[in-house]
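Enquirer: What follows is a structure written as structure tokens; I'll ask about it next.
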Amino acid sequence: MATTSADTVYESLKSRLSRVMPDFEIRLKADVAAEILDLKRERNAVILAHNYMEPALFYSVPDYRGDSLELSRVAASVDAEVIVFCGVRFMAETAKILSPERTVLLPASGPAGCSLAASITAEDVRELRRRFPGVPVVAYVNTYADVKAEVDICCTSGNARAVVESLDADTVIFLPDEFLARNVARETGRNILVARPGGEVEAIPGGDGNGMLVGWNGRCEVHELFTAEDVATARAQFPDVVVLAHPECPPEVVDAADFSASTSAMTRFVEESDAPHFLLLTECSMGDNIAAANPDKDMLRLCSHRCPHMAEITLEDVRNALLHDRQLIELPEDVRRRAHRSLQRMIAIS
Ligand code: 13P
Ligand code: SF4
């Protein structure tokens, strides 16, 4: 069988990454990427990569790149024996839920968790259903399979508003990201309550009274750290900066930004804009990936806030996953089937 030339991979990576990575590192990564491309062929595997992956991985081995929604759609339709999902665990689980007959591998050196997914359990959802009988429940895709199995429909940052509006209900439970819920409530003119795990419910001021969202108090440990002051400081230093904030940021940060949307929508925004400076309030690697593809644009990013879970996935882990079938994603069939229904409803409306 033909083997991939590491020199060819190196030249291709160098043309993309020489502005963001030193040459010796590009060389090392190219050797690993070449091995992966051979393994991928041998195993009839497809590699999916979230926009937060490190640049050397992002620009070498994936067949598909994107945000959570785009990658769920791909996972539901790919025709390969193996899916290697370069993203955190809930994303790999989503691929397994949608493609149960495939081997799904999570190429991570650790658990690859997510503070949002860890913030809520299936029992929390059942308890909320007892407290708010008959109210439809939306789960952000950043949840584990057993939580997805308890809800009516899933959403991502790319379709949260459309999913809430599709329900045609006055009150909607929206879990588990408090800030995303508050941002969606503002977009849809709804009031918002935030349910705390102990049973306390807090009403957040604002909203136009066009219905109610009931949120949960999960937070993304990265996006919750960005502040409106960060935005003001950057604007003082770079008056022409265009500020992009992921909707997992607090509402006052989204308000202070010029644009807020999913990771892929933010990427497209930069590509299509003529502005010279951007401040990206999301995981820092995505700034590297955008900078690599847009050499005429300056990407400012606050890299002191990183997602430690996404950083558990590297090119070396992808090679190990394909060599040793790890980490193999497996789910109880009953949970998978019920979670599939929630994801399928989301895919059908978006
Ligand atoms: P996207 O769905 O916008 O890619 O976001 C996923 C995520 O985990 C952001 O922190
Ligand atoms: Fe989870 Fe936040 Fe990391 Fe995204 S950035 S995977 S929401 S912890």
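The values are calculated or read from the model by the stated rules, or taken from the named source; none is laboratory data. Keep in mind that what you see is a predicted model, and the values were worked out from it rather than measured. FYI the Cβ positions are ideal-geometry reconstructions off the backbone, even for glycines, and counts take in every protein chain you see. What goes into the accessible areas is simple: the full protein's heavy atoms, side chains included, and nothing from ligands, DNA or RNA. Shrake-Rupley method; radii C 1.70, N 1.55, O 1.52, S 1.80 Å.
Enquirer: Please work out the average accessible area per residue across the chain, using the 1.4 Å probe convention, and give it in Å².
Expert: 40
Enquirer: Could you state how much accessible area THR4 has, in square angstrom rounded to the nearest 10, with a 1.4 Å probe and all protein chains kept in place?
Expert: Here the residue's solvent-accessible area equals roughly 40 Å².
Enquirer: Take the Cα coordinates of the chain, assign each an equal point scatterer, and use the Debye formula without solvent to give log10 I(q)/I(0) at q = 0.07, 0.14, 0.15 Å⁻¹.
Expert: -0.30, -1.15, -1.28
Enquirer: Over the Cα atoms of region 187-311, how large are the radius of gyration and the largest Cα-Cα distance (Dmax), in Å?
Expert: Answer for region 187-311, Rg first and Dmax second: 16.2, 51 Å.
Enquirer: Taking amide H atoms as placed 1.01 Å from N in the peptide plane, list the residues 5 or more away in sequence, or in a different chain, whose amide H sits under 5 Å from that of THR171.
Expert: MET212
Enquirer: Could you please tell me the mean projected area of the C-alpha convex hull for region 201-248, averaged over all directions and given in square nanometres to one decimal?
Expert: It is 5.1 nm².
Enquirer: Something else: Using modelled amide H (1.01 Å from N, peptide plane; none on Pro or chain starts), what sits under 5 Å from the amide H of CYS155, excluding residues fewer than 5 places away?
Expert: ALA139, TYR140, VAL141
Enquirer: Ok, one more. With a 1.4 Å probe and all protein chains kept in place, how much accessible area does MET53 have, in Å² rounded to the nearest 10?
Expert: Estimated to the nearest 10 Å², MET53 gives 0 Å².
Enquirer: Ignoring any ligand, DNA or RNA, what whole percent of the accessible area of region 221-316 comes from carbon and sulfur when the probe is 1.4 angstrom?
Expert: Answer for region 221-316 is 52 percent, counting heavy atoms of protein chains only.
Enquirer: Pick out, in residue order, every one of the GluC sites (Glu not before Pro) in region 95-133 that is DSSP loop and has at most 16 other C-beta atoms within 10 Å; say none if there are none.
Expert: Those that pass, being in a loop and sparsely packed, are GLU101.
Enquirer: Could you tell me what percent of the DSSP beta bridges with both partners in the chain are antiparallel, to the nearest 5?
Expert: 10
Enquirer: Using every alpha carbon pair in region 90-140, what percent of pairs falls into each 5 Å bin from 0 up to the bin containing the largest distance?
Expert: Pair shares across the bins are 4, 15, 19, 19, 18, 13, 7, 4, 0.
Enquirer: Next up: Which of the lysines could a cross-linker bridge to LYS14, judged by Cα under 21 Å and excluding same-chain residues fewer than eight apart?
Expert: LYS29, LYS297
Enquirer: Can you tell me the Rg and Dmax of region 18-159, counting just the alpha carbons, in angstroms?
Expert: That works out to 17.5, 60 Å for Rg and Dmax.
Enquirer: Tell me which cysteines of the chain come out unpaired when the rule is another cysteine's Cβ under 4.7 Å.
Expert: CYS86, CYS114, CYS154, CYS155, CYS220, CYS249, CYS307
Enquirer: Give me the one-decimal nm value for the distance between modelled label points at LEU28 and ARG235, 7 Å along each residue's Cα-to-Cβ direction.
Expert: That separation, rounded to one decimal, is 4.1 nm.
Enquirer: So, one more: Write down the radius of gyration of region 215-272 and its Dmax, each obtained from C-alpha positions, in Å.
Expert: According to the Cα coordinates of region 215-272, Rg and Dmax are 11.9, 36 Å.
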